[in-house]
Amino acid sequence: MIKALFFDIDGTLVSFETHQIPASTIRALEEAKAQGVKVFIATGRPIPLINNLGAIEHLIDGYITTNGACCIVDGKVIFINAIPEADCQTLIRISDERGIPTIFVGEKNLVVYHPDKEVEHIFYDYLHAPRLTEADPRELMRHERITQITPFFTEAIEQEVMPLIPGCISGRWYPAFCDITAIGSDKGNGIRHIAKHFGFGIEETMAFGDGGNDISMIKVAGIGVAMGNANESLKPVADYITSSVDEDGVEKAMREFGVISSEL
């Protein structure tokens with residue numbers, strides 16, 4: 001019996017085409033909640049950038065943010081895995097030397113360093129994220145631990161940079177940038193921490209995703225579901241491939257596995 005559902009946001013709950021949560025998904029989550037199933041978000045976004053879940057916000061029991069580096073329940077951090085300070089300083093130096101736009105995420109706040117038009121296009125025009133504060137990340141580091149760093153660079157540069165920050169791993173859910181977190185941070189471990197906090201088994205969880213940064217949670221969850229629009233690296237590790245976010249994929253999978261009624 002499934003007791004907890006975990007959802008990526010972009011491309012899973014929220015359509016890249018409409019920037020909305022399909023009515024079928026909202027309906028399915030409401031039915032699941034009515035039956036006592038818990039609903040969690042598992043995203044690369046930090047809390048300040050989660051601004052597109054208003055239609056289901058009242059249904060959410062907790063958040064796995066910054067790709068598993070920070071788990072939050074009832075507004076309180078129940079787990080955090082911060083990036084080593086030396087690695088933060090290395091990425092600041094690389095950003096300075098190459099003029100690479102980079103977002104630094106703390107426990108509560110985030111800043112953008114060396115922003116350019118690409119940042120504006122992707123975050124504001126495409127993802128409809130709120131405006132980011134432009135500031136020196138060293139000031140943020142004086143007050144908060146850094147949970148995620150998002151540089152806007154190619155995969156080739158990523159491969160060059162990662163050996164220079166040995167305490168970190170990277171994931172990419174959009175071609176223009178990658179999310180860098182401390183080793184041990186991934187959505188799969190986030191599910192483990194949430195499950196431990198609430199006292200349910202991993203086999204009682206079901207996870208939905210569409211990107212490369214969802215691989216760990218799709219593998220860890222009792223049932224791992226890849227959306228029809230998922231990255232080709234994700235589909236082979238999924239237990240089930242549903243239709244796309246715009247084709248009622250979430251609702252169909254929940255009905256297929258009996259989480260909600262099989263009939264409309």
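The values are calculated or read from the model by the stated rules, or taken from the named source; none is laboratory data. From a predicted model like this one, the values you see are computed outputs, not experimental measurements. All Cβ positions, glycine included, derive from the backbone under ideal geometry; neighbour counts span all protein chains shown. To get the accessible areas, we keep the full protein, side chains included, count just its heavy atoms, and leave off ligands, DNA and RNA. Shrake-Rupley method; radii C 1.70, N 1.55, O 1.52, S 1.80 Å.
Tabulated data
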| quantity | calculated |
| --- | --- |
| Within the chain, longest stretch clear of exposed GluC sites (Glu not before Pro) (DSSP loop, no more than 14 other Cβ within 10 Å) | 18-231 |
| Furthest towards positive pole of dipole, M206, I157, M227, structure part the stretch 110-264, Cβ charges | M206 |
| Debye log10 I(q)/I(0) at q = 0.10, 0.15, 0.19 Å⁻¹ for the stretch 88-180, Cα point scatterers | -0.23, -0.53, -0.88 |
| Check: the chain dipole with +1 on Lys, Arg Cβ and -1 on Asp, Glu Cβ, in debye | 760 |
| Kirkwood Rh in Å, taken over all unlike Cα pairs in the chain | 18.5 |
| Radius 11 Å from Cβ of V73, net charge of other residues (Lys, Arg +1; Asp, Glu -1) | 0 |
| The chain: Lys pairs at Cα distance under 12 angstrom, eight or more positions apart or on different chains | 5 |
| Rounded tilt (10° steps) of 187-198 against the dominant C-alpha axis of the chain | 60 |
| Exposed-loop-free span, longest in the chain, where trypsin sites (Lys or Arg not before Pro) count as exposed if DSSP calls them loop and at most 16 other C-beta atoms lie within 10 Å | 143-264 |
| Computed [θ] at 222 nm, deg cm²/dmol, the chain (DSSP H ≥ 4; -39,500 (n - 2.57); rounded to nearest 500) | -7000 deg cm²/dmol |
| Within the accessible area of the chain (1.4 Å probe), percent carbon and sulfur | 49 |
| Mean projected area (nm²) of the alpha-carbon convex hull when the stretch 1-126 is viewed from all directions | 9.0 |
| Amide proton proximity set for A4, modelled H, under 5 Å, gap of 5+ | K38, M206 |
| Furthest towards positive pole of dipole, A253, G106, L127, structure part the chain, Cβ charges | G106 |
| Nonlocal amide H pairs with F153, under 5 Å, H built at 1.01 Å | C178 |
